[in-house]
1. How many residues are open to solvent by less than 60 Å² (accessible area, probe 1.4 Å) and farther than 15 Å from residue 69 by Cβ when one looks only at the range 22-45?
2. Name the residue that is nearest to residue 125 (Cα to Cα), counting only residues in the range 137-186 that are modelled with pLDDT under 90 and polar (S, T, N, Q).
3. As an exercise: evaluate residue 19 against (1) closer than 27 Å to residue 169 by Cβ; (2) open to solvent by less than 30 Å² (accessible area, probe 1.4 Å) and give the number of the one condition it does not meet.
4. Out of 12, 87, I need the residue that is more than 26 Å from residue 180 (Cα to Cα) and either in contact (Cβ under 8 Å) with a residue 12 or more places away in the chain or not in a loop (DSSP other than H, G, I, E, B) (or both). Which one?
5. Does residue 90 satisfy being at pLDDT 90 or above and not β-branched (Val, Ile, Thr)?
6. Has the range 64-83 got any residue that is assigned to a loop (DSSP other than H, G, I, E, B), of a type in the set (Val, Ile, Thr) and exposed (fewer than 13 other Cβ atoms within 10 Å of the Cβ)?
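The values are calculated or read from the model by the stated rules, or taken from the named source; none is laboratory data. Nothing here was measured: the structure is a model prediction, and the numbers come from that model. All Cβ positions, glycine included, derive from the backbone under ideal geometry; neighbour counts span all protein chains shown. Surface areas here come from the heavy atoms of the whole protein model, side chains and all, with no ligands, DNA or RNA. Shrake-Rupley method; radii C 1.70, N 1.55, O 1.52, S 1.80 Å.
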Amino acid sequence: IRDRFYVEMNESAVEGQGYGVFQRRRQIDHPVTGERLGFAVELVGTAQVERDTPTVAVFRIGNAYRVIERGDFVAPLPAYWGQRVASRPNEVDTDGYVVETVGDVIALIGEHHFVYLDRGRADGVQIGNTMRILDRGDRLTGRTEGLPWEEIGRLMIVDVQEEASTGVVVKSLRSVAIGDRVQMVAGR
């Protein structure tokens, strides 16, 4: 028997609907501007609405990727949850930055790691778009002035919000870092 938990909902829940269970991990500040962007969250499990009562919705845990605890929050899973992401041609040009990594990976970010970006739907980003990951500079001296931007990897967008998106690194020539520049070029 799968564990149950109760959630006080702002609106009625639909029996059988799938939800994600999330934990807040850390605050995200923009690595270049210092602006507070929000919080990194991690999907720690999935659950389905078993029934809705006048005071709470009763959920049954489907999958638990980490310990699910009191205080975690739930949100409906997107319609595309669990489906493959197909590559989609980029329709706009936009530049942004890697602002955070997903999960506990904070040192070496490489292929198959997920990252948060500071560009989203408002910037023309769509699921399936690809972006180049760029860096410049001499890592030994720290010099960047006058040195060209070079492609160090590529990522594919797997989730888009209004002002942010999530990408998975599909190619990396070296480790990707928070603060690395990303670039989407129309027609690619």
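1. Here the count works out to 6.
2. The selected residue is 175.
3. (1)
4. After applying the criteria, what remains is 12.
5. So residue 90 passes the test.
6. yes
For (1) of a type outside the set (D, E, K, R); (2) open to solvent by 50 Å² or more (accessible area, probe 1.4 Å); (3) part of a strand (DSSP E or B), each residue gets a yes or a no:
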residue	(1), (2), (3)
97	yes, yes, yes
125	yes, no, no
128	yes, no, no
155	yes, no, yes
158	yes, no, yes
